[in-house]
Amino acid sequence: MVRCIMPTLALCALTMAAEAQVCQPYWSSLDGLQAVTQDLEVFDDGTGPALFVAGYVALPGQTPFYHDIVKWRPHRTEVLATSICGSAGWLRTVDLGAGPMLVASGDFCDYSIPSLTWYALWTGTTWTYLPPGLMIFAPPPYFIGLTFPALRMQTSAGAMQHGTLRFAQEKDALVIWNGETWKRVDPIGANRWMEHFCHWRRNGQDVLVVWGEFTSVAGVPANKLAIFNGATWEGFATRPALYTRCMKAFDDGTGEKLYIAGGGTNNGGSMIWRWDGSTWSDLGNPLPSYPGTITHVEAMEVFDDGRGPALFVAGVFNQAGGVPARNFARYDGTSWSAVGVGLGHGSSFGYKLKVFGDSLVIGGEFLNVGGGQSEGLARWVSCRACYPDCDENGRLDIGDFTCFLTRRAARDPYANCTVDATIDASDFVCFMNKYAAGCGR
Ligand SMILES: [Ca+2]
Ligand SMILES: [Ca+2]
């Protein structure tokens, strides 16, 4: 619990009787890291879970934005080999049975590793070749390594395997690792492709949902959207007239439902739809655009910020369900709400969302967030975290005051304790009150 120390003795006396704190998630930077973020991944390379950021990253106080992959955890940032000389495209955790591996795609130009170009494996200390058995297709993005737990997959012997499905995408077909070998799923046709993949637990069964430019899969008619249960494909009889940019399964307490979102036109159509297994629901065009902009949803992720699991949606919009929401909103299955004052300069078509510990990390090309300044990288932190433990060392002491003042001077969104539009004197009072109230952990 709280330990009152010198600077706040008087305040402690005033605030000890403060009423129980409500859950207030908050914005923070990633220790001042800034980036044009291309991708995010959480991976444990043997040193504990860390967030890997691919893109054009600037370390705190530094410019320009170098082309790097950075490994981050609170108060510990590591630059991993400046071996990417083009753009770092994406990061994926891939498991072929020997444990998870972190694979990066980018324009590698570390000539100490001959012929290492488009893809590289992170060993924990350096980048190296992909191992045998990991299919690659050049150039990107034709390899998509994903894993889905417990998806039933038919092996060559005809048995159903209850294990991890690993698959990659070839130019005109889905290629699946079934635990024994790479299996080429029936082609979807020349010049067709699959683009978005989503794991959905439908009525207790794990299925893979695929969106792309195709009209059939394995001979089954499927107009851009299809479901694979590990053995057979299904199409949808109907689907929203929506350019899909992302899909996510979300359980609002009534079972997992499939959400698809996208857009990209200013035609006033809904940008997000829900499929419950039998019918589509238009969520009522809840995310209207700024006048004259091309509105769209770019990314969705499920996260519990202490107020219960919810679907977080990032894109270009200025309202959600009638509530002002700048480019980022929260949906609990029934109603929309803002996420602080959201993201400024929302022109990004590259938002990425990743849950890391108590935080939902967002990357993109935004310039400011939550009333503070954190370019291209920020995190929405659960109220389960200890807000006044500014330096995140597990205890409350004078170091947290120094930390708060430093971050306030940097206009870090963390310093916006009141989670409103501005950082001002009231935030220091807010910080002291939260410090005095302690964290109860
Ligand atoms: Ca501390
Ligand atoms: Ca404030």
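Say R0 is 51 Å: what FRET efficiency, to the nearest 0.05, do Thr402 and Tyr243 get from their beta-carbon distance? Approximately 0.55, to the nearest 0.05.
Placing a pseudo-label 7 Å from each Cα along the Cα-to-Cβ vector at Ala421 and Thr123 gives an inter-label distance of 5.4 nm. Site pair Ile294 and Asn203 shows an inter-label distance of 3.9 nm when each label is modelled 7 Å from Cα along Cα→Cβ.
Panel order for Ser270, Ser105, by other beta carbons found within 10 Å of each beta carbon, from fewest to most: Ser270, Ser105.
For the listed residue pairs Lys71/Lys257; Lys71/Lys434; Lys224/Lys257; Lys71/Lys352; Lys224/Lys248, the alpha carbons are over 26 angstrom apart in Lys71/Lys257; Lys71/Lys434. Taking amide H positions as modeled 1.01 Å from N, with prolines and chain starts lacking one, the residues under 5 Å from Val42 and 5 or more places away or on another chain are Phe52. Residues whose amide H lies under 5 Å from that of Arg202, counting only those 5 or more places away or on a different chain, are Val207; hydrogens are built 1.01 Å from N in the peptide plane.
Database remark: amide H of Ala325 closer than 5 angstrom to the amide H of Gln319, Ala320 (H placed geometrically; neighbours at sequence offset of 5 or more, or on other chains; Pro and chain starts carry no H).
Among the trypsin sites (Lys or Arg not before Pro) in region 306-376, none is located in a DSSP loop while being surrounded by at most 11 other Cβ atoms within 10 Å of its own Cβ. Counting only the backbone N, which residues of region 365-382 are under 16 Å from the spot 7 Å out from the Cα of His345 toward its beta-carbon? Label zone hits: 365-378. Extension gain for Asp44-Arg411 works out to 129.0 nm (0.36 nm per residue, less the C-alpha to C-alpha distance). Could you point to the residue in Ser374, Gly364, Asn433 farthest towards the positive end of region 314-441's charge dipole, with +1 and -1 charges on the Cβ of Lys/Arg and Asp/Glu respectively? Positive-end residue among those listed: Gly364.
Among the trypsin sites (Lys or Arg not before Pro) found in region 359-429, those both in a DSSP coil and sparsely packed, with 15 or fewer other Cβ atoms within 10 Å of their Cβ, are Arg384, Arg395.
Placing unit charges on the Cβ atoms only, positive for Lys and Arg and negative for Asp and Glu, gives region 229-343 a dipole magnitude near 320 debye about its Cα centre. For Val79, Val381, the sequence from fewest to most other C-beta atoms within 10 Å is Val79, Val381. Panel order for Ile272, Ile423, Ile294, by other beta carbons found within 10 Å of each beta carbon, from fewest to most: Ile294, Ile423, Ile272. Set the Förster distance to 51 Å, then compute FRET efficiency between Trp280 and Glu392 from the Cβ-Cβ distance, nearest 0.05. Calculated value: 0.75.
Quick note: the coordinates plus some simple rules give every number you see, no bench work behind them. Here the structure is a predicted model, which means the values were calculated and not measured. Backbone-built Cβ (ideal geometry, glycine too); neighbour counts: all protein chains shown.
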